[in-house]
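Below you will find the structure I want to go over with you.
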Amino acid sequence: MKLPQNVSLVACLAEFVGMALFVMIGCGSAMGIKGSDSTGSMIPGWVLMVALVFGLSITTLAYSIGHYSGGHLNCAVTLGLVLTGNCGLLQGICNVASQMLGSVLGAAILCAIFPPELDMTTTLGANSVGPKWYWWNALIGEIMGTFLLVFVVHQTACNPKSAMNRSQACIAIGIAVFMAHCVLIPIDGCSINPTRSFGPALLALSRASRASPADEGPGYWRSMWIFWVGPLLGACLAAGVYKLMLQLETAGREAAKEATEMPEEDSEEAAEMPEKDSDPEVALPTRL
């Protein structure tokens, strides 16, 4: 297979495999145990468990494939890295395509593992806005949750000043994912990753209840736009803030450099100037 020189096939394969495993483990953790009690309230322990599984999955898989592809595992992360120049455009497009296919494969594996009657989410863990929340609650949450993730990715894995701590970047990124899930799971199940949302929602159509209105479709498809627009906007904001911080740091460093060079130039100019008599002659009246 002949690919452009600036596209890595092994990176695409790594993203495909990593995304399939991420969806299988992350969404699978939510499917096996019921997350709400008889009153419909979410069980805090379940929220914590699912959030921890998603966070640890990202850390583990990023360490596993990071040396091949950077361990994006998220098209929003890929977008942010492309915008800041840390990933080529063509490689980014191929990574996203691989992530999408991997997400579908992960959801298909979950279909084989969990029969419909044993899927406690009934939707393969697909994201949807909770009944007590408005769409704009979920949208803002997705924007800020993804902003947190992409900001942490850039500051720990891309910033030149964090090079000495680069080996711990995956831990910080996994913790960021855990933090976002703790906040957003009760609201919309927490996406912050459009490719993670796509696969389960697509395969869940095969299990969709016919009770859903035909003109609207299942809830997870009616709100799917939130799980694309929100994360992509959050990634763009994080990339912009990262680049702004780099520019401000560069400007501050140049200003400091100029400030330290100015006294040296002044001292050289002073050394070149002829010395003046500190006691100038005073013209005295001449006695005739």
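Can you list, largest first and rounded to whole Å, the semi-axes you get for the stretch 1-128 by taking the square root of 5 times each eigenvalue of its Cα gyration tensor?
Those come to 32, 15, 11 Å.
Please name whichever of Met24, His67, Val7 sits farthest to the positive end of the charge dipole of the chain, dipole taken about the Cα centre and charges placed at Cβ: Lys and Arg +1, Asp and Glu -1.
Comparing the listed Cα positions along the dipole, Met24 ranks first.
Give the label of the value calculated from the structure for mean projected area of the Cα convex hull in nm², choosing from (1) 27.1; (2) 16.3; (3) 18.0.
Among (1) 27.1; (2) 16.3; (3) 18.0, the one derived from this structure is (1).
Ranked highest first by average number of other Cβ atoms within 10 Å, how do 109-119, 219-229, 172-182 line up?
Highest mean packing first, the order is 172-182, 219-229, 109-119.
Determine the order of Thr146, Thr59 by accessible area, beginning with the largest, at a probe radius of 1.4 Å.
From most exposed to least exposed: Thr59, Thr146.
For the chain, calculate the relative contact order in percent as a whole number, restricting contacts to Cα pairs under 8 Å that are 6 or more residues apart.
Contact order relative to length: 25 percent.
Can you sort Val129, Val77 by 1.4 Å-probe accessible area, starting with the largest?
Result, largest first: Val129, Val77.
Taking the inverse of the average 1/r across all pairs of different Cα atoms in the stretch 83-141, what Kirkwood radius in Å do you get?
14.6
Dipole magnitude of the chain about its Cα centre, charges +1 at Lys/Arg Cβ and -1 at Asp/Glu Cβ only, in debye to the nearest 20?
Charge dipole, the chain, about its Cα centre: 2060 debye, nearest 20.
Hey, can you rank 31-38, 83-90, 61-68 by average C-beta count inside 10 Å, highest first?
So the peptides 31-38, 83-90, 61-68, ranked by packing, come out 61-68, 83-90, 31-38.
Take peptides 44-56, 91-103 and line them up by average Cβ neighbours within 10 Å, highest first, as a rough protection proxy.
Output ranking for 44-56, 91-103: 91-103, 44-56.
Cross-chain or 8 or more residues apart, Cα under 27 Å: how many lysine pairs in the chain fit that? Count them up, please.
Pairs that pass both the separation and distance tests number 4.
The values are calculated or read from the model by the stated rules, or taken from the named source; none is laboratory data. Being a predicted model, the structure only gives us computed values, none of them experimental. Cβ: placed from backbone, ideal geometry, glycine included. Neighbour counts: every protein chain shown. Only protein heavy atoms, including side chains, enter the accessible area calculation; ligands, DNA and RNA are left aside. Shrake-Rupley method; radii C 1.70, N 1.55, O 1.52, S 1.80 Å.
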